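Just so it is clear, none of the values below were taken in a lab; they were calculated from the coordinates. Predicted model only: the values in this text are computed from it and were never measured. Virtual Cβ from ideal backbone geometry, glycine too; neighbours counted across all protein chains shown.
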Amino acid sequence: MFRTFAIAAAALVATAAVAAAQPAAAPNDAQIAHIAYTAGSLDIAAAKQALTISHHPTVRAFAEEMVRDHAAVNDQALALVKKLGVTPEDNPTSQALTKAADAKRADYGKLTGKAFDLAYANNEVAYHHTVNTALETTLIPDAKNAELKSLLETGLKLFRMHEQHAEQMVAALKK
């Protein structure tokens, strides 16, 4: 385990050194659309897992909200890319999000009861914080199309509420 962590840390340091030497290219609108859609789809998948495993009414209500809200935003995103004639472009960020989310869902699939509920709730706080930060610092500033930027800004408002709701859920589950 430590060896794997050390190798990953070394790779991260090497990547950071290369990135410092060469500024990373900002994502284009097709990549931004893919990242945003992927993030929503991954949260829907996590929520569906919670609906399958959890019996806690607070967790289930939150998961239902995630499915409803993220599906609605993803539907809007699909309609927008169709209207604009843009094909979302897969990219390393979308791939990394998917790989990490798949691993989390596999780990959480081994849990039940309060252990699952807390793991899911804590992950929702962390996930929404990460996505919100990416929206604020990269995706919204780098979006060129005004309609895409507007959709991302609307999503950010909603996802900030999700993060707060997830924090409240964690607090309630710890009681």
Inset, instruction - Answer with yes or no whether residue 107 is assigned to a helix (DSSP H, G or I), surrounded by 15 or more Cβ atoms within 10 Å (Cβ to Cβ) and acidic (Asp, Glu). - result: no
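Looking at the range 38-96, which of the residues that are among the hydroxyl-bearing types (Ser, Thr, Tyr) and assigned to a helix (DSSP H, G or I) is farthest from residue 150 (Cα to Cα)?
52
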Legend entry - Subset of the range 31-62 that is small (Gly, Ala, Ser) and without any contact (Cβ under 8 Å) to a residue 24 or more places away in the chain - its residue that is surrounded by the most Cβ atoms within 10 Å (Cβ to Cβ): 47
Inset, instruction - Would you tally the residues in the range 129-175 being in contact (Cβ under 8 Å) with a residue 12 or more places away in the chain, in a helix (DSSP H, G or I) and charged (D, E, K, R)? - result: 8
Inset, instruction - Within the range 68-90, track down each residue that is buried (at least 18 other Cβ atoms within 10 Å of the Cβ) and within 24 Å of residue 104 (Cα to Cα). - result: 69, 70, 73, 74
